[in-house]
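To start, the structure itself, in structure tokens.
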Amino acid sequence: MNLTKEQKAIINSSGDIKINAVAGSGKTTTILEYAKARPKDSRILYLAFNKSVRLEASDKFSKNNLDNVTVETAHSLAYKHVVFYYNYRVRNQDYKTNEIVDILKLQENAEKHFEYVIANHILKFVAYFCNSDKRKVQELNYLDIIFDEKAKKVAKSFYAQIEMHTRLFLAKMDKGEIEITHDFYLKKFQLENPILAFDYILFDEAQDASPAMLAVFLNQKATKVIVGDTHQQIYGWRHAVNSLEKAKFKTFNLSTSFRFNQDIANLAMGVLNYKNHFDNPETISISGNGTNKESKTKAIIARTNLGLLLKAIEYVTEKKNINEIYFEGNINSYTYADEGASLYDVLNLQNKNRDMIRDKLIREMKTMKELETYIESTDDSQLGMMVEIVKEYGNKIPGILKSIKDKHVSNEDKHKARIIFSTVHRCKGMEYDSVQIVDDFMTEDRLIKLKHSDEEINVARMNEEINLLYVAVTRTKNSIRIPEKLVPKGFPVCDNIHLIRELLEKAEPKKYSFPKRENLEKKETPNYIEKSRESNKDAYRPWTRELDEELTVLWMEGVNPKDLALHFGRTKGAISSRMKKLELFD
């Protein structure tokens, strides 16, 4: 195996170290080689970020005959030490707002749905404490994590009540009066200051660790190795902190990506340079050493569930020749909020079919206006997105969701999917041959406007927004289609970086809208079609599935038949004939 100088330096290191590894830089290989280089009788713990990474890592260590390596997640460690000892009953999902109302016997007041608003804040405060490294609830200021001004005003007015009930709810879990959550037993594990019987502890994906996880790790006597990518921290909303910055260890870097080439590396670095508008981050250099030329796996990646659903709706309603799609994670998770409310519940509320609403919280609302007021008082972004979808599509939603599910392939048949849909959070750690980015990420123009506005800027949140785009861009192994407004200013057009120009409507544009067939030929040609293929070179070449997909995407992005003919090296008639066959127009 040919290891880089950076990898060799890490493998031959001693003492506590931290490794800042760019996307696709072979950190798993480096960790494996590090473990191999340690004495055979060493007891090594590899801490994975989640269960899927844990299973994958277990398999790799086993295949390399590293039987002295134990693979766990922070939660699986805590479960063995806490749940078994105290004989707790564990919930598989978090508590819902209406359950908090019942358990704590919260009372309504003159304000509509007051008890549900307070319960929502209690749930968030509980999560904040359980993920923190503090020993008491009183050591935290819950207002620090509320950014919506109306929600903050509500929480400030009833802070004493929220804090008191947060402590009461935690006490009920601690005494075993109610089922405990996964966050709770991890917190109790941290508070008990466990000492783990290992000589080396390797903590992977540490940029997304909670302060509670980090506290357990740093408290150990073992030689510690912390690994991650500073610029892939995207779980601040789950109270994650950038543990690499917190660990004061000797720093090593893995700056060569074996996933993508230098063009993609340059784009990734350009995106990270957005941080210079607010911060003075450490400069990062990425060398792109990827050589992949395949185009088998294609993914569409969005910032939000809403952005992804709208793009999926566009594909199933407009692109009739695409019949196999796949959503990373459970497809139902895109239509349900964390607390259980579904798009159908919100739709039934709008249609005044209250007897058909399953979720208790939504059923408490008499009108959509009441739901929107609740959303403003709690800053519940998931419910807010659902309201937007229902307002946009109304009674078309059931048919649209049926179409999506009819085209969805099973987990076992994921490799057959022509398009994979995912939010950036769900595809973290994944890679695809080609990627298309949805236009719901933070733009540089918006960052600049915020910088010069009167708004108070939360630098950590802005950096995380930039990280989200960086993570999305670095999922590709080959090519990327990216909205022009998301690309750094003056960034050169490259063969494998295709810019998507925004389609402008004649009428006043909606936030999300589909291209109008009758207007497409009037649109500007996207500037990634800069030169025609050699004249008529491919005129009689058979159409392949890949060519059909390319034709479909370009047509939907507004390229007119004349330019398509130039691009594919065929006649305009041949292009029109193929588009009719693909049912791109009647």
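Do you know which of the residues in the stretch 100-112 that are open to solvent by 50 Å² or more (accessible area, probe 1.4 Å) and without any contact (Cβ under 8 Å) to a residue 60 or more places away in the chain is nearest to the chain's Cα centre (by Cα)? Spell out the reasoning first.
In the first step, residues of the stretch 100-112 are kept if they are open to solvent by 50 Å² or more (accessible area, probe 1.4 Å); the result is 102, 105, 107-112.
Still in the running and without any contact (Cβ under 8 Å) to a residue 60 or more places away in the chain: 102, 105, 107-111.
Details: Asp102: 32, Lys105: 35, Gln107: 36, Glu108: 36, Asn109: 38, Ala110: 39, Glu111: 35 Å.
Going through the qualifying residues, I end up with Asp102.
Working carefully through the options Asp355, Asp406, Asp413, Asp379, find the one that is in contact with an Asp or Glu (Cβ under 7 Å, 6 or more places away or on another chain), acidic (Asp, Glu) and open to solvent by 40 Å² or more (accessible area, probe 1.4 Å). Step through it out loud before you land on a result.
Details: Asp355 fails: in contact with an Asp or Glu (Cβ under 7 Å, 6 or more places away or on another chain); Asp406 fails: in contact with an Asp or Glu (Cβ under 7 Å, 6 or more places away or on another chain); Asp413 fails: in contact with an Asp or Glu (Cβ under 7 Å, 6 or more places away or on another chain).
So the residue among Asp355, Asp406, Asp413, Asp379 that is in contact with an Asp or Glu (Cβ under 7 Å, 6 or more places away or on another chain), acidic (Asp, Glu) and open to solvent by 40 Å² or more (accessible area, probe 1.4 Å) is Asp379.
Just one of the numbered conditions (1) small (Gly, Ala, Ser); (2) part of a helix (DSSP H, G or I); (3) under 22 Å from Lys152 (Cα atoms) is not true of Ala78; which one?
Every condition holds for Ala78 apart from (3).
Identify, from the list Phe129, Phe147, the residue that is of a type outside the set (Asp, Glu), in contact (Cβ under 8 Å) with a residue 12 or more places away in the chain, within 20 Å of Trp237 (Cα to Cα) and outside any helix (DSSP H, G or I). Reasoning before the result, please.
Details: Phe129 fails: outside any helix (DSSP H, G or I).
Checking each option against the conditions leaves just Phe147.
Exactly one condition in (1) open to solvent by 10 Å² or more (accessible area, probe 1.4 Å); (2) in contact with a Phe, Trp or Tyr (Cβ under 7 Å, 6 or more places away or on another chain); (3) small (Gly, Ala, Ser) is not met by Ser287; state its number.
If we test Ser287 against (1) open to solvent by 10 Å² or more (accessible area, probe 1.4 Å); (2) in contact with a Phe, Trp or Tyr (Cβ under 7 Å, 6 or more places away or on another chain); (3) small (Gly, Ala, Ser), just (2) comes out false.
Just checking, does the stretch 345-359 include any residue being under 20 Å from Glu99 (Cβ atoms), touching a strand residue (DSSP E or B) at 6+ places or on another chain (Cβ under 9 Å) and without any contact (Cβ under 8 Å) to a residue 12 or more places away in the chain?
Among the residues of the stretch 345-359, not one is under 20 Å from Glu99 (Cβ atoms), touching a strand residue (DSSP E or B) at 6+ places or on another chain (Cβ under 9 Å) and without any contact (Cβ under 8 Å) to a residue 12 or more places away in the chain, which makes the answer no.
Say we look at the stretch 279-316 and pick out the residues that are under 20 Å from Asn496 (Cα atoms) and basic (Lys, Arg); which of these is modelled with the highest pLDDT?
My answer is Lys298.
Residues checked against (1) surrounded by 16 or more Cβ atoms within 10 Å (Cβ to Cβ); (2) within 30 Å of Thr291 (Cα to Cα); (3) out of contact with any Ser or Thr (no Cβ under 7 Å at 6 or more places or on another chain):
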{"site": "Gly26", "(1), (2), (3)": "yes, yes, yes"}
{"site": "Ala37", "(1), (2), (3)": "no, yes, yes"}
{"site": "Asp41", "(1), (2), (3)": "no, no, yes"}
{"site": "Leu55", "(1), (2), (3)": "no, yes, yes"}
{"site": "Asn68", "(1), (2), (3)": "yes, no, no"}
{"site": "Leu77", "(1), (2), (3)": "yes, no, yes"}
{"site": "Phe84", "(1), (2), (3)": "no, no, yes"}
{"site": "Val90", "(1), (2), (3)": "no, no, yes"}
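Any idea how many residues of the stretch 574-586 are open to solvent by 30 Å² or more (accessible area, probe 1.4 Å) and at pLDDT below 75?
5
Which is hydrophobic (A, V, I, L, M, F, W, C), buried (at least 17 other Cβ atoms within 10 Å of the Cβ) and over 22 Å from the mean Cα position of the chain (by Cα), of Ile195, Ile201, Ile234? Write out each step before concluding.
Working: Ile195 fails: buried (at least 17 other Cβ atoms within 10 Å of the Cβ); Ile234 fails: over 22 Å from the mean Cα position of the chain (by Cα).
Result: Ile201 is the single residue among Ile195, Ile201, Ile234 that is hydrophobic (A, V, I, L, M, F, W, C), buried (at least 17 other Cβ atoms within 10 Å of the Cβ) and over 22 Å from the mean Cα position of the chain (by Cα).
The values are calculated or read from the model by the stated rules, or taken from the named source; none is laboratory data. Being a predicted model, the structure only gives us computed values, none of them experimental. Positions of Cβ are backbone-derived with ideal geometry, glycine not excepted, and every protein chain shown enters the neighbour counts. Protein only, heavy atoms only, side chains kept; ligands, DNA and RNA dropped before computing areas. Shrake-Rupley method; radii C 1.70, N 1.55, O 1.52, S 1.80 Å.
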